[in-house]
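Participant: Quick one: the structure is below, and I'll ask about it shortly.
The values are calculated or read from the model by the stated rules, or taken from the named source; none is laboratory data. Treat the numbers as computed from the prediction; the structure is a model and nothing was measured. Neighbour counts run over all protein chains shown; Cβ positions are idealised from the backbone, glycine included. The accessibility values were calculated without ligands, DNA or RNA, using every heavy atom of the protein model including side chains. Shrake-Rupley method; radii C 1.70, N 1.55, O 1.52, S 1.80 Å.
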Amino acid sequence: MNLLLVDDQISVLDGLKSSIPFSRYGIRKIFTATNADDARAVIQSHPVDLMLSDIEMPGENGLSLNKWVKEHYPAILRVLLTSHASFRYAQEGVKLGCFDYIVQPATKEEIGDVLSRATAQIAKSRQYSLYQNNLYISSMVESLFSQNESDRIMAQKTLTERGYALKPDTLLRTVIINLYPYQDEHSSFKPEYDIFTILLNVASFTFTASGVVPLVCKNRYRQFVLLLFSNDNSVADIDTALYRTFYDTLAEVVSPELTCYVSVLGTLASIREVIFSAHALFQQDVIKKKDIFFPASHAEENTNRNLSENISRWRRLLDNNQYEAVENNIFAYLDFHASTGQLNFDTLCEFHQEISKIFFMYLYQQNINVSDIFTAAYTYADFMNCCRDLQSLKKGVTFIVRQIAAYCGADTDQDPVQRAKAYILANLSNDISVKDVAEHIHLNPEYFSKLFKKEMGENVKNYMLRIKVDAAKDMLENPNIPVSIVSLELGYSNFSHFTQMFKKHEGITPSEYRKTFAQKQADTPPEE
């Protein structure tokens with residue numbers, strides 16, 4: 001920041017320069033002038049941000065000089081210096097738009113206070129001016145992605161006039177920046193102009209040494225979009241490590257709560273296809289992991305998601321009023337497959353369709369109108385659109401399961417055997433005993449065993465074994481689930497024990513059952 005001191009007395013100028021620590025206020029260079037003509041010459045030949053001018057000078061006075069500066073260099077902030085506390089001078093200074101008025105002699109603290117406020121005002125004005133320029137450039141960059149060709153042509157022309165040499169064959173990549181704290185319109189996160197400034201600074205620091213020019217805009221999803229371009233191969237030569245550096249720096253100086261999606265390489269003529277490739281990565285990222293993704297970095301879809309076997313389990317839990325267990329089981333399923341990279345937008349949509357069928361069919365069976373369970377705060381449309389990401393889907397599952405529980409809730413007068421069956425079903429993955437079941441329903445184990453056998457026609461242990469075998473058969477019918485995993489899913493840490501249990505009940509081992517089922521499937525002709 002540069003300062004011009006104007007006073008006809010050289011001793012005053014020297015005294016100010018020696019007594020005031022100008023560098024403390026961000027002032028790096030100080031010019032001096034002893035009259036209005038010399039002051040004009042300095043302003044016309046050097047950049048000046050702040051002028052402190054005496055009023056009483058021989059010849060043309062300081063008020064006349066200030067009037068000229070206001071007309072020709074309005075960005076210069078002006079402060080009047082005078083030895084006379086005249087109201088007329090102060091009034092004239094206000095009319096001229098001067099920032100402040102200092103009566104000499106003034107202490108260095110008084111002058112320092114004015115300098116502090118003046119330089120802060122200059123910095124704020126610069127920042128605002130930069131933000132306005134960034135907003136304008138941003139609007140032009142956003143227009144480059146427009147479907148309207150005339151908008152794209154106008155934006156290219158405007159940016160070229162601003163010094164951004166864009167041509168149809170200019171190479172470019174885009175990076176969509178999903179900054180989660182900024183996504184909430186009601187959050188008190190950093191102001192938008194701060195984010196724009198930081199993004200441009202980080203991008204310039206990271207990429208310009210490679211010969212790449214960065215531009216930033218904001219899209220309609222409240223995401224920031226970084227456009228990197230060059231008229232040579234510089235953009236194509238950027239390796240993934242440099243993008244990673246950009247991401248890590250942003251995470252450090254803005255927020256670690258962000259995800260970046262890097263597009264394919266393209267040209268200005270194909271800019272819509274380029275930005276779409278990054279947007280496709282964003283759509284497929286249903287987990288919203290805090291990381292940077294590249295066009296080929298998402299894992300291929302793995303169809304081994306055991307969905308049909310789990311659906312059977314969730315239906316049984318619903319039928320037994322085990323609503324909390326349904327929610328926990330669904331969340332465990334989603335979290336596991338998210339951790340293995342098997343969830344994307346398409347698989348989440350498929351999952352959403354299947355659980356919607358389960359829930360809506362259950363409501364139908366309970367003679368409850370589906371539309372009745374939704375509210376103004378969470379509508380049917382909200383639930384049907386909740387498959388856009390994992391968090392939204394979980395919210396939808398929680399809502400509908402809890403609404404089902406509220407409408408259909410477990411009958412507190414349900415008989416002890418029914419409550420015991422529900423508890424057994426909800427704990428298939430645990431090694432529970434008859435005593436555990438009896439304690440859950442608050443009955444003596446011996447009395448409970450007799451009551452259960454009388455009502456069910458079989459003892460509790462045999463029932464528990466049969467239910468586990470049925471669940472095992474559901475999973476064994478999927479050839480992609482290892483038998484060892486089936487064993488663990490049913491609470492058997494000892495694989496041999498599981499095999500013995502299954503063979504005792506079915507007469508064949510789990511592996512033999514799988515082979516038999518597969519053979520039957522192969523021998524069954526396809527439906528017409």
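Participant: How high is the relative contact order of segment 13-146, in percent, with contacts defined as C-alpha pairs under 8 Å that are six or more residues apart? Intermediate results must be reported in sequence, preceding the final value.
Facilitator: On the way: 105 pairs, mean separation 27.7, N = 134.
This gives 21 percent for segment 13-146.
Participant: Moving on to the next point. What FRET efficiency comes out for the pair V253/S11, r = Cβ-Cβ distance, R0 = 45 Å, nearest 0.05?
Facilitator: It comes to 0.45.
Participant: Summing +1 for each Lys or Arg and -1 for each Asp or Glu, what net charge is found among the other residues whose Cβ lies under 13 Å from the Cβ of V212?
Facilitator: On the way: positive: R173; negative: D232, D237, D239.
It works out to a net charge of -2.
Participant: Given q = 0.06, 0.12 Å⁻¹, what are the Debye log10 I(q)/I(0) values for the chain, with equal point scatterers placed on the Cα positions and solvent ignored?
Facilitator: -0.55, -1.15
Participant: With a point put 7 Å past each Cα toward its Cβ, work out how far Y447 is from H46 in nm, to one decimal.
Facilitator: Placing both labels 7 Å along Cα→Cβ, they lie 10.0 nm apart.
Participant: Using only the alpha-carbon atoms of segment 239-301, report the extent along each of the three principal axes, biggest first, to the nearest angstrom.
Facilitator: Answer, in whole Å and largest first: 34, 28, 18 Å.
Participant: For segment 276-400, would you read off the P(r) tail past 26 Å as a percentage of all alpha carbon pairs?
Facilitator: 24
Participant: Would you list which aspartates and glutamates come within 18 Å of K167, measuring only between C-alpha atoms, while excluding same-chain residues fewer than 8 positions from it?
Facilitator: Excluding near neighbours in sequence, the set is E142, E149, D151, D232, E273.
Participant: Sum up the charges of everything whose Cβ sits under 9 Å from the Cβ of D54, counting Lys and Arg as +1 and Asp and Glu as -1, but leave D54 out.
Facilitator: Its environment carries a net charge of -3.
Participant: Can you give me the % of accessible surface on segment 306-387 that is carbon or sulfur? Probe 1.4 Å, all protein chains present, nothing else counted.
Facilitator: Values: 1900 of 3890 Å².
Taking all protein chains in place, segment 306-387 shows 49 percent carbon and sulfur surface.
Participant: Let me ask something else about it. Net charge within 9 Å of C386 by Cβ-Cβ distance, Lys/Arg positive one each and Asp/Glu negative one each, not counting C386 itself?
Facilitator: +1
Participant: May I ask for the equivalent-ellipsoid semi-axes of segment 428-476, computed as the square root of five times each C-alpha gyration tensor eigenvalue and listed largest first in whole Å?
Facilitator: Its equivalent ellipsoid spans semi-axes of 22, 13, 6 Å.
Participant: Now, a different point. I need two numbers for segment 131-262: Rg to one decimal and Dmax as a whole number, Cα atoms only, in Å.
Facilitator: 14.5, 42
Participant: Regarding segment 212-322, what are the three Cα extents along the principal axes, ordered largest first, in Å?
Facilitator: That works out to 65, 31, 28 Å along the principal axes.
Participant: Taking segment 321-393 as the region of interest, what is the percent of Cα-Cα pairs per 10 angstrom bin, listed from the shortest bin to the one with the maximum distance?
Facilitator: 17, 48, 31, 5
Participant: Rounded to the nearest 500 deg cm²/dmol, what is the calculated helix-only ellipticity per residue at 222 nm for the chain, with -39500 (n - 2.57) per DSSP H run of length n ≥ 4?
Facilitator: -18000 deg cm²/dmol
Participant: Now a separate question. Please list, short to long, the whole-number percent of alpha-carbon pairs of segment 1-136 in consecutive 10 angstrom bins beginning at zero.
Facilitator: Reading upward from the zero bin: 12, 45, 35, 7, 1.
Participant: Could you work out the pair-distance distribution P(r) of segment 417-528 from its alpha-carbon pairs, with 10 angstrom bin width and percents rounded to whole numbers?
Facilitator: Distribution as computed: 13, 39, 28, 15, 4, 0 percent.
Participant: Could you do me a favour and compute the accessible area per residue for segment 204-303, 1.4 Å probe, result in Å²? All intermediate terms of the calculation are to be shown ahead of the outcome.
Facilitator: On the way: 4590 Å² over 100 residues.
Value for segment 204-303: 46 Å² per residue.
Participant: Something else: Using the Kirkwood radius over Cα pairs, work out the Stokes-Einstein diffusion coefficient for segment 124-175 at 10 °C and 1.306 mPa s, in µm²/s as a whole number.
Facilitator: Details: Rh = 11.9 Å.
Estimated diffusion coefficient is 133 µm²/s.
Participant: Say R0 is 41 Å: what FRET efficiency, to the nearest 0.05, do Q353 and D523 get from their beta-carbon distance? Display every interim value, and only then the final one.
Facilitator: Details: r = 31 Å, r/R0 = 0.75.
Once the sixth-power term is evaluated, E becomes 0.85.
Participant: On to the next question. Once fully extended, how much extra length lies between N231 and L130, figured as 0.36 nm per residue of separation less the alpha-carbon to alpha-carbon distance? Don't jump to the answer; show the numbers that get you there.
Facilitator: Details: separation 101, 0.36 × 101 = 36.36 nm, distance 2.57 nm.
So the extension gain works out to 33.8 nm.
Participant: Along Cα→Cβ, 7 Å out, is where each label goes; now give me the distance between the ones at K461 and D346 in nm to one decimal.
Facilitator: So the two model labels end up 5.0 nm from each other.
Participant: Once R0 is set to 56 Å, what does the formula 1/(1 + (r/R0)^6) return for the Cβ-Cβ distance between S210 and R315, expressed as a FRET efficiency to the nearest 0.05?
Facilitator: 0.50
Participant: Modelling each spin label as a point 7 Å along the Cα-to-Cβ direction, I'd like the Y364/K167 distance in nm, to one decimal.
Facilitator: Simple spin-label model gives 6.3 nm for this pair.
Participant: Let me ask another. Need one number: the % of Cα-Cα pairs in segment 25-80 sitting beyond the 15 Å mark.
Facilitator: Of all Cα-Cα pairs in segment 25-80, 42 percent lie more than 15 Å apart.
Participant: OK, next. Of the listed pairs K124/K157; K454/K504; K435/K461; K421/K461; K357/K520; K288/K395, which have alpha-carbon separations greater than 22 Å here?
Facilitator: In this structure, K124/K157; K454/K504; K357/K520 lie more than 22 Å apart at Cα.
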